Structures are given as C-alpha cells and as structure tokens.
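Enquirer: Can you read through this structure? Questions will come right after.
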Amino acid sequence: KKPAATSDHMHESDEVLGQFVRPDFDTHSFVRVSVRKNTVSEDLAHLRQGIAVLETQLREQVVSHHARLIDQVTHAKELESMVTKVTDGVSKLKSSLVRVKSSIKDPYLQLQRKTLELDRLQSASEMIRRVIRVRELSDKLRKAFKMVDGRDPRSCIQDLVQAAGHVFEINSSIALGDLGD
C-alpha cells in the first residue's frame, strides 16, 4: 500500500502528472502548452512513466484484492440472475393481470349491454301496452258513439259519460306514453 501512497504523492508533486488529477484538467490546453513550450518529448516521457506507475499500482491492487474481486464478480452474476428471475416474474404478473382484466371486463361489458337491451325492451313493452290500451279505448269509444248516434242525448247520458271517460283515458295514455308523435 505504500507504493500507492508514494505514487499518489508523486502525481501531486510532479507538475506534469499532477495536472491529470485536477478536476479542471483540459486535454487540449495541455497539448497546446506542451507544444508552445517545446516540451512534447519530455511530457511524453513523463506520461509514459506515469502510465507505467499506474499499471504497476493496478496490478498490485488486482493481486492484493484478487479474492474480493472474484467474489464481487460472482455476486454480480448472482444479482444478474436474480434480476432476470424478477423480470420474468414481473412479465408473468403483467400477463396474468391482462387475463384477469379481460375476465372481469368482458362479462362487465356484456352485462352492461344486456342491461341496456333489457331497459329498451321494457320501454318498448310499456309503450306497446299503452298503444294496445289506446286502441281498446278507441274501439269502446266508437261503440259508444254508435250507440248514441241517432238517439236523444238525454236518454244516453250514461253512454256519453262513459265515452268522456274513454277520451280522458286515451289522452292520459297518449301523454304518459309519449305517443303523440
């Protein structure tokens, strides 16, 4: 671990290599300054030396932490396997949800259509009943007029009262059943 500390210190104290660890390092500026100062070959030698030191440090780190790195790779593979299983589970869950949604939605829509159909059938039946009642009352009204026709109005007051009742009931049925059109 001491070589790492020494090399870190070397980078910080070395003017050329120290530039690379600064957060504001700019490659283009470095090359421009190196060309302007005519120190390209010296800077290149420093860079090669720095790369060699970094490669050495990297090898040392890999060798000293080999077992831990292998464990981390193994753990990463296990995590990848778990993520795959979870992804498959989520996919199956989504598929199940689509089936459940369909099994609920389809009967609901069918029930909704049948309810509307039943409502319309009831409305039509009610209207037909009113039409039949109006026809029956119209027939009774015609019969009442035939009975009254040619007779003295005073002798058929009962028939005229009945006819008036039929007319009232016809008008009520027409108004209630929306049969006016």
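The values are calculated or read from the model by the stated rules, or taken from the named source; none is laboratory data. Bear in mind the structure is a predicted one, so any value in this text is a computation, not a measurement. All Cβ positions, glycine included, derive from the backbone under ideal geometry; neighbour counts span all protein chains shown. Note: areas computed on protein heavy atoms with side chains; ligands, DNA, RNA excluded. Shrake-Rupley method; radii C 1.70, N 1.55, O 1.52, S 1.80 Å.
Enquirer: Taking only protein heavy atoms into account and a 1.4 Å probe, give the accessible area per residue of segment 40-170 in Å².
Expert: Solvent-accessible surface per residue comes out at 84 Å².
Enquirer: Using a 1.4 Å probe on the protein heavy atoms, what percent of the accessible area of the chain belongs to carbon and sulfur?
Expert: On the way: 9010 of 14970 Å².
For the chain, the apolar C and S fraction of the accessible surface comes to 60 percent.
Enquirer: Accessible area of Phe20, 1.4 Å probe, to the nearest 10 Å²?
Expert: About 80 Å², ignoring ligands and nucleic acids.
Enquirer: I'd like to know which of Phe145, Val40, Leu69 lies farthest towards the positive end of the charge dipole of the chain, counting +1 on Cβ of Lys and Arg and -1 on Cβ of Asp and Glu.
Expert: The residue sitting most towards the positive pole is Phe145.
Enquirer: Counting helices only, and only those DSSP H runs with n ≥ 4, report the 222 nm mean residue ellipticity of the chain as the sum of -39,500 (n - 2.57) divided by its residues, in deg cm²/dmol to the nearest 500. Display every interim value, and only then the final one.
Expert: On the way: 6 runs with 155 residues, N = 181.
So the helix-based figure for the chain works out to -30500 deg cm²/dmol.
Enquirer: As a test question: what accessible area, to the nearest 10 Å², does Val83 have when a 1.4 Å probe is rolled over all protein chains in place?
Expert: Approximately 90 Å² for this residue.
Enquirer: Could you state how much accessible area Arg130 has, in square angstrom rounded to the nearest 10, with a 1.4 Å probe and all protein chains kept in place?
Expert: 60
Enquirer: So I have (1) 18.4; (2) 27.7; (3) 18.8, and one of them is Kirkwood radius over Cα pairs in Å calculated from this model. Which one is it?
Expert: (2)
Enquirer: Which order do peptides 33-45, 131-143, 89-101 fall in by mean Cβ count within 10 Å, highest first?
Expert: 131-143, 33-45, 89-101
Enquirer: Ignoring ligands, DNA and RNA, how do Leu111, Leu69 rank by accessible area with a 1.4 Å probe, largest first? Numbers along the way, then the final one.
Expert: Values: Leu111 110, Leu69 75 Å².
The ranking, largest first, comes out as Leu111, Leu69.
Enquirer: Next up: Rank Tyr108, Gly89, Gln122 by how far each Cα sits towards the positive end of the charge dipole of segment 84-124 (+1 on Lys, Arg Cβ; -1 on Asp, Glu Cβ) and give me just the farthest.
Expert: Farthest towards the positive end: Gly89.
Enquirer: So which lysines pass the test for Lys105, namely a Cα distance under 25 Å, with those fewer than 8 places away in the same chain ruled out?
Expert: Lys92, Lys94, Lys114
Enquirer: Let me ask something else about it. Membrane-span-like helices in the chain: DSSP H runs reaching 30 Å or more (Cα, own axis), mean Kyte hydropathy at least 0.0? Working shown, then result.
Expert: Details: long enough: 40-64 (35 Å, 0.03); 66-148 (121 Å, -0.42).
Within the chain the helices that satisfy the rule are 40-64.
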